[in-house]
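Student: First the structure, which I've put down as structure tokens, then a few questions once you've had a look.
Only the coordinates and a few stated rules stand behind these numbers; no lab work does. These numbers come from a predicted model, not from an experiment. Here the Cβ positions follow ideal geometry from the backbone for every residue, glycine too, while neighbour counts run over all protein chains shown.
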Amino acid sequence: MKLASITALALVASSLVASSLTTDAKKAGLTPIPSSTTELLKLIDNPKNPISAKKVELGKKLFFDPRLSKSGFISCNSCHNLSEGGDDGIPAAIGHGWTANPHHLNSPTVFNSVFFSSQFWDGRDPHLEKQAQGPILAAPEMSATKEHVVATVTSMPQYVNQFKSAYGDNVKINFEKITDTIATFERTLVTPSAFDDYLNGNETAMTTAQKNGLKTFIDTGCATCHNGIALGGQMNAFNITATYKYQNVGDFKGDKNGMVKVPTLRNITQTAPYFHNGQIWSLKEAIKEMGRIQLGKKISNKEAASIEEFLKSLDGRKGHVILPVLPASTSKTPKPDLN
């Protein structure tokens, strides 16, 4: 047989394997971020508050503005750092007065949160707009009041003018409008990756090791919980086959039914420490612990390493976020309160 024919057969065989794996992945409920901007916009837009460039830019400023907090020191970006994994990289979130989260809860990533069907670890709200309100008002986080936030924003003419430009001259700048605008910016924090490219048809986007890891991921049963476009983000039972070895750190037990939000696996290599209370720093250890408590399986070192290779393909391409220049405070801007 001629070399050209052998090469052609090898390429066909490789294509068939790739096609089979992508089919298996989609059957397992794994969904790629669309490569089409139009299709992506359909998924991330809020019909009640359509995305626009002006809203996004204003929302970005508010996301980075620490003056929305009582102390004038903590911004949304403090716990959801866009310079790394969209989280804070510590076991329990630190808020007002250097207060650790009273339930010892870890800050989830804000990247791709638009794809989560449940927000907060207890899934108490499905809406990103409502999630944006929570940390601002929570005493152990930004510890502000609605009145403080509105007074801060409306004290600066530049902000007022930007709201009018984004929403119209008759806009009512209330707390909900401010947090809706922050959420509009957060809706754009989507990070497509090699995994998405692969499922969208680029068979060379993932390495062989990553493809093998994807197969291990599916065969092991990881996709039972980590599925959908976020590979997580929905509620699921926790401690199914055993008890998490650090369950006693913090008092969080899930919602009233013991359900816990499944963390997204996107950019997971950048969001250690892992689990709701941030007690595991090694991704390989986290994989093995999940197998033990959720699947009733003893995942070998080889299998864990294989799955970890797949997870690397979920490291996404982050949009270039230029640090905004915030409006100057005025004599009417509330002063920082550290108490």
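Student: Excluding residues on the same chain fewer than 8 positions from Lys256, give the aspartates and glutamates whose Cα lies under 15 Å from its Cα.
Tutor: Asp122, Asp125
Student: Then there is this: How far is helix 53-64 tilted, in degrees, relative to the longest principal axis of the Cα atoms in the chain, given as a value from 0 to 90 rounded to the nearest 10?
Tutor: 80 degrees
Student: Using Cα atoms only, what is the angle between the long axis of helix 208-220 and the major principal axis of the chain, expressed in degrees (0 to 90) to the nearest 10?
Tutor: With rounding to tens, the tilt is 90 degrees.
Student: Starting from the Cα of Ala305, step 7 Å toward the Cβ, then list every residue of region 185-216 with an amide N under 15 Å from that point.
Tutor: Label zone hits: 209-210, 212-213.
Student: Report the gain in length on full extension from Lys284 to Thr154: 0.36 nm times residue separation, minus Cα-Cα distance, nm rounded to one decimal.
Tutor: 42.0 nm
Student: Expressed as a rounded percentage, what relative contact order does the chain have, with Cα pairs under 8 Å and six or more residues apart?
Tutor: Worked out over the chain, it gives 25 percent.
Student: Now for a separate question. Modelling each spin label as a point 7 Å along the Cα-to-Cβ direction, I'd like the Glu203/Glu147 distance in nm, to one decimal.
Tutor: Spacing of the two 7 Å Cα→Cβ label points: 6.6 nm.
Student: Any idea what angle helix 157-167 forms with the longest principal axis of the chain, computed on alpha-carbon atoms, 0 to 90 degrees, nearest 10?
Tutor: So the inclination is approximately 50 degrees.
Student: Also, I was wondering about something else. Pull up the cross-link candidates among the aspartates and glutamates for Lys284, meaning alpha carbon to alpha carbon under 12 Å and not fewer than 8 places away within one chain.
Tutor: Result set, ordered by chain and number: Glu303, Glu308, Glu309.
Student: To continue, here is another question. So what J values fall out for region 115-131 if you push phi through Karplus, 6.51 cos²θ - 1.76 cosθ + 1.60 with θ = phi - 60°, rounded to Hz, Gly and Pro as x?
Tutor: 8, 6, 7, 10, 9, 6, 4, 9, x, 6, 8, x, 9, 5, 4, 6, 4
Student: In terms of modelled amide H atoms, which long-range or inter-chain residues lie less than 5 Å from the amide H of Asp125?
Tutor: Sorted by chain and number, the residues that satisfy this are Gln119.
Student: How far, in nm, would the chain grow between Glu176 and His320 when pulled straight, counting 0.36 nm per residue and subtracting the alpha carbon separation?
Tutor: 49.1 nm
Student: With each label point set 7 Å from Cα along the Cα-Cβ vector, what nm distance links Asn339 and Asp24?
Tutor: 6.4 nm
Student: With each pseudo-label sitting 7 Å past Cα toward Cβ, what's the Ser117-Glu84 distance in nm, one decimal?
Tutor: Here the modelled spin labels are 3.1 nm apart.
Student: Expected output is a single nm value to one decimal: the length gained when fully extending between Ala53 and Ala139, i.e. 0.36 nm times separation in residues minus the C-alpha distance. What is it?
Tutor: Result for the pair: 27.8 nm of gain on full extension.
Student: Near Gly59, within a Cβ-to-Cβ distance under 12 Å, what is the net charge of the other residues, with Lys and Arg +1 and Asp and Glu -1?
Tutor: With Lys, Arg at +1 and Asp, Glu at -1, the net is +1.
Student: Can I ask one more? Note down the relative contact order for region 40-186 as a percent, whole number, built from C-alpha pairs under 8 angstrom at least six residues apart.
Tutor: Relative contact order comes out at 30 percent.
Student: Quick one: of Lys177/Lys332; Lys60/Lys332; Lys60/Lys146; Lys211/Lys261; Lys55/Lys172, which pairs are farther than 24 Å apart, Cα to Cα?
Tutor: Lys211/Lys261
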